[in-house]
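Structure incoming, see below.
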Amino acid sequence: MSDISSQLLVSKSNGVATISLNRPPANSYYYDYLKLISTSVKEASNDNQVKVLLLNSTSDKFFCAGADIKVFSNNTTKQNAEMVKAAREVCEALVQSSKIVIAAINGHVLGGGLEIVMACDIRLAAKGNYLVGLPEVKLGLMPGNGGTPRLIDLIGASRAMELLVTGDAISSQKAYDFGLFNQLYTADVFENEVNNYVVNLAQGAGKAMASIKKYVQLHKGRNLEESLNLETELVNPLYNTNDAKEGFLAFVEKRKPKFD
């Protein structure tokens, strides 16, 4: 096993923090690796200069294959429970981040790897012959890191049920058609399109985007009145921000706004 510090690459530029999985061949995870990912996500989330987190892979074959089965099979039941808990903490860190989290996928994304991807806010993908799926049922299990409810929310109960009970993988095209991926680019333009997407997003109003993210997460299960009250609660503080003042001024002056 290589030095763990080299298995995750972190860089920051233009308001974007890029966290790159770098554990060949499949970016499969184990306990310490998951803790490193969580820590990196939290540190980037606490950086006031960052508006967008980009989670990607240095591999052109795998985004993430989920848990390292060799490690998992050699662990005690207690050790595996701790690893599952650590995987949940990664997903929770992505969800709780006030930044907009983008996943860029251009290789196999399976099991816990797909669960991490689904915990991100937006998923950008490259067209390719890689597999997308949750095969846990074929191991006598089911997703345990939030994959079950998130898949249902993203693609609907009927399609989710089929993928969950069969454990079958789908193509990148079908994942896009189902609504699992937000954008699907040809491989030759994927890197440039992802870079343009995150850089443009990072020029947006950070506080407003954080409030929108919070609303999207909290509105589910509320009735209309509760949802409207939540919207009011979140929008009112925005009126007094520098971003809102700049947004209105830029509109009047017919120019592109320069948000903090």
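The values are calculated or read from the model by the stated rules, or taken from the named source; none is laboratory data. If you're wondering where the values come from, they're calculated on a predicted model, not measured in any experiment. We place every Cβ from the backbone using ideal geometry, glycine too, and count neighbours over all the protein chains shown. Just so you know, the surface numbers come from the protein's heavy atoms only, side chains and all, with ligands and any DNA or RNA stripped out. Shrake-Rupley method; radii C 1.70, N 1.55, O 1.52, S 1.80 Å.
Can you tell me what share of the DSSP beta bridges in the stretch 1-98 is antiparallel? A percent to the nearest 5 is fine.
On the way: 6 of 13 bridges.
Approximately 45 percent, going by the DSSP bridge assignments.
Follow-up. Please find the FRET efficiency linking E191 to M142, where r is the Cβ-Cβ separation and R0 is fixed at 30 Å, and quote it to the nearest 0.05.
Once the sixth-power term is evaluated, E becomes 0.30.
Starting from the Cα of K61, draw a straight line to each of the aspartates and glutamates and keep only those under 15 Å, dropping any in the same chain fewer than 8 residues away.
Output for K61: D188, E191.
Something else now. With the cut-off at 1.5 for a/c, could you classify the stretch 95-181 from its C-alpha gyration tensor as rounded, prolate or oblate? Write out the running numbers ahead of the final one.
Working: a/c = 1.58, a/b = 1.20, b/c = 1.32.
Oblate, because a/c is 1.5 or more while a/b does not exceed b/c.
Restricting attention to the stretch 206-257, which trypsin sites (Lys or Arg not before Pro) occupy a DSSP loop and are surrounded by at most 14 other Cβ atoms within 10 Å? Please report the intermediate quantities before stating the final value.
Numbers: sites: K207, K213, K214, K220, R222, K245, K254, R255; in loops: K220, R222, K254, R255.
Qualifying residues, ordered by number: K220, R222, K254, R255.
Please list the equivalent ellipsoid semi-axes of the chain, computed as the square roots of five times the alpha-carbon gyration tensor eigenvalues, in descending order and whole angstrom. It would help to have the intermediate numbers written out before the result.
Numbers: eigenvalues 205, 88, 70 Å².
In descending order, the three semi-axes are 32, 21, 19 Å.
Cα centroid distance between the stretch 11-84 and the stretch 119-137, in Å?
Here the answer is 15 Å between Cα centres.
Right, next: Which three numbers, in whole Å and largest first, are the semi-axes of the equivalent ellipsoid of the stretch 149-260 derived from its Cα gyration tensor as √(5λ)?
Gyration-tensor ellipsoid for the stretch 149-260: 34, 24, 9 Å.
Between their Cα atoms, which of K35/K127; K85/K214; K12/K220 are more than 28 Å away from each other? Numbers along the way, then the final one.
Values: K35/K127 30 Å; K85/K214 23 Å; K12/K220 33 Å.
Among K35/K127; K85/K214; K12/K220, the Cα-Cα distance tops 28 Å for K35/K127; K12/K220.
Going Cα to Cα from K245, which aspartates and glutamates come in below 15 Å? Please leave out same-chain ones fewer than 8 positions away.
E253, D260
Further, regarding this structure: Keeping all protein chains in place, calculate the accessible area per residue for the chain (probe 1.4 angstrom), answer in Å².
Spelled out: the 1.4 Å probe surface of the chain, per residue, equals 54 Å².
Label-point separation (nm) for I69 and R222, each offset 7 Å from Cα along Cα-to-Cβ?
So the label points at I69 and R222 sit 4.3 nm apart.
I need the P(r) histogram for the stretch 93-145: all alpha carbon pairs, bin width 5 Å from 0 out to the longest distance, whole percents.
Per 5 Å bin, starting at zero, the Cα-Cα P(r) for the stretch 93-145 comes out as 5, 19, 25, 22, 15, 11, 2, 0 percent.
In whole percent, how big is the carbon plus sulfur part of the accessible area of the stretch 149-260, probe 1.4 Å, protein atoms only?
It is 55 percent, rounded to a whole number.
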